[in-house]
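Single-structure report; data block below.
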Amino acid sequence: METFTFPPELTEQILTTLGDDITTILTLSVVSSQFVQPSQRQLFSRVVVDCRLNSAQLQDRLFQLLAITQDSPHLFHYIRALEIMGGSFPSDCVDLFSQILPRLVHLRSLKLDGVNPLKSSFISVLERYLPLLPIIRLSISSIDNVPWHLLVSCPTITHLSIKQSIVIGLGHDGSPMPFALEKRLEGAESSKDYKFPRLDTLILCDPITPGIPTDDQNKLYSWLLASKNLLDLRTLRHIALDLGNTQEAQRLFHQSQLESLDISTAWLFVGQSLAKDLPFEHVPNPIGSHRFSHLREITFRILFTQLFHNVYSQFITFIRIINDFPANNQLESITIKVLVKSNYVEHWSQLRLPLLDALLQEKKFGGLRKVSVLIMIPKGWLAANSLFVTISKALRHNLLRHSAKKGLLKISKRSGVENALARPTVSLNSDPT
């Protein structure tokens with residue numbers, strides 16, 4: 001009997017199209033032997049450990065994962081991302097976790113999200129095994145007290161994300177870190193205990209909406225600048241941050257050769273706004289005189305919310321930044337992310353998009369290849385589709401018509417932003433299907 005075999009590229013495309021439909025992927029995995037390995041690879045690529053479960057439930061989930069992978073040890077090789085979220089990691093689950101973590105020999109990404117408090121037994125396991133794993137992405141989100149030496153336990157990371165977290169921890173002598181660490185690292189000998197990898201990407205904010213630029217965040221900026229013996233900012237090529245403290249942000253920019261920048265100015269104008277008749281040439285540039293000679297991509301986040309009602313101030317500041325690009329710039333892509341949470345008609349009229357459109361026709365932006373507008377709509381908006389159609393027409397035929405005629409304009413939407421990053425996962429927060 002003749003059998004038919006799909007090309008591997010088509011198999012991968014089918015699985016990609018299924019997205020996070022785990023039930024269908026599981027069914028597909030038993031249809032044909034050629035789907036077994038690709039299905040397993042997609043299902044086990046990301047594992048989520050949900051600490052909101054009680055201790056017994058989480059222990060049972062971890063045991064199931066360990067048992068499955070002991071019967072089929074190759075499954076461990078498919079796990080590329082590990083996310084631990086939702087609460088303190090139970091002490092009686094640490095032993096099982098310590099048996100799982102060192103087996104993740106192909107782990108590339110580790111995310112700690114709201115794991116509070118970080119217990120010493122859990123930290124000890126991370127410190128012991130993280131240096132042995134090829135992790136390149138470390139994300140720390142909503143952690144109350146991150147031990148700084150945990151960050152330097154990953155010698156291979158190039159992508160570091162610290163969002164809405166207080167990175168303090170304790171040094172060997174009990175003093176707080178990192179904010180007081182530079183005082184103890186004046187001698188070369190003491191600095192040998194703390195060695196940073198060569199970071200390529202540094203994210204200090206939420207990729208969709210701005211976080212609050214607290215004093216701790218500003219202190220973190222200052223510490224990053226003072227820690228030259230630990231972190232070489234000259235290797236940074238991609239930075240995402242909120243310009244809540246422009247002085248510290250400018251210093252970060254000046255010490256790096258950025259290729260990609262993701263910024264928001266929303267927090268600069270809380271409680272205040274620029275005059276709407278103020279020409280953009282008179283608007284202060286929040287990133288200073290730095291020219292970004294290597295910058296190829298810039299992303300700007302705008303919020304239409306009750307708190308951030310100063311849309312004009314946010315956008316006119318962005319226009320000033322674009323205007324200050326030098327004649328020999330290498331800019332290829334501009335992305336404008338707009339989070340809609342209030343009266344979009346009123347706020348869209350405040351955006352000076354035609355002004356930006358005219359500015360981008362200047363000769364110095366001849367290398368521009370793409371102008372993207374991403375409209376992010378919160379979950380539950382019934383009028384999301386009609387909103388997107390209305391804004392798209394306005395962008396193409398009026399607000400950014402010159403860019404549209406040149407084929408540069410790309411308009412997209414992301415509805416239900418809470419679930420924007422959903423993808424297939426092996427989750428330890430529900431019974432297996």
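A few comments on the model shown:
- Computed on the Cα atoms alone, the convex hull of the stretch 1-133 gives a volume of 123 cubic angstrom per residue.
- By average C-beta atoms within 10 angstrom, highest first, the peptides 331-337, 69-75: 331-337, 69-75
- Nitroxide proxy distance, nm - points 7 Å out along Cα→Cβ at H74 and V31: 2.1
- Take each peptide in 37-44, 25-32, count the other Cβ atoms within 10 Å of every residue, and average; sorted highest first, the result is 37-44, 25-32.
- Residues whose amide H falls under 5 Å from that of C205, counting only those 5 or more places apart or on a different chain, are I162, with hydrogens built in the peptide plane.
- Under 5 Å between amide hydrogens, built in the peptide plane, is the criterion, and for L199 it picks out D232 among residues at least 5 positions away or on other chains.
- Between R414 and I375, M376, I377, the built amide H atoms are under 5 Å apart, and every one of these is 5 or more places off in sequence or on another chain.
- Once the Cα-Cα distance is subtracted from the 0.36 nm per residue extended length, the E362 to R401 segment shows a gain of 12.6 nm.
- Summing Lys and Arg as +1 and Asp and Glu as -1 over all other residues whose Cβ lies under 12 Å from the Cβ of L66 gives a net charge of -1.
- Sequence-ordered 3J(HN,Hα) estimates for the stretch 56-69 from the Karplus curve with 6.51, -1.76 and 1.60 and θ = phi - 60° stand at 5, 5, 5, 4, 5, 5, 4, 5, 4, 4, 5, 5, 4, 6 Hz, glycine and proline given as x.
- For the stretch 71-164: rounded, prolate or oblate by the Cα gyration tensor [a/c cutoff 1.5]: oblate
- Restraint check, K337/K393; K370/K413; K337/K410, Cα-Cα greater than 22 Å: none
- Calculated from backbone phi, Karplus (6.51, -1.76, 1.60) coupling profile of the stretch 23-28 in Hz, x at Gly/Pro: 4, 5, 5, 4, 5, 4
- Summarising the label geometry, the points placed 7 Å from Cα in the beta-carbon direction at S55 and E12 lie 4.5 nm from one another.
Any read-out appearing in this document is the output of simple, stated calculations on the displayed coordinates, not a laboratory observation. This structure is a prediction, so every number in the text was calculated from the model and none was measured. Reconstructed Cβ throughout: ideal geometry from the backbone, glycine too, with neighbour counts over all protein chains shown.
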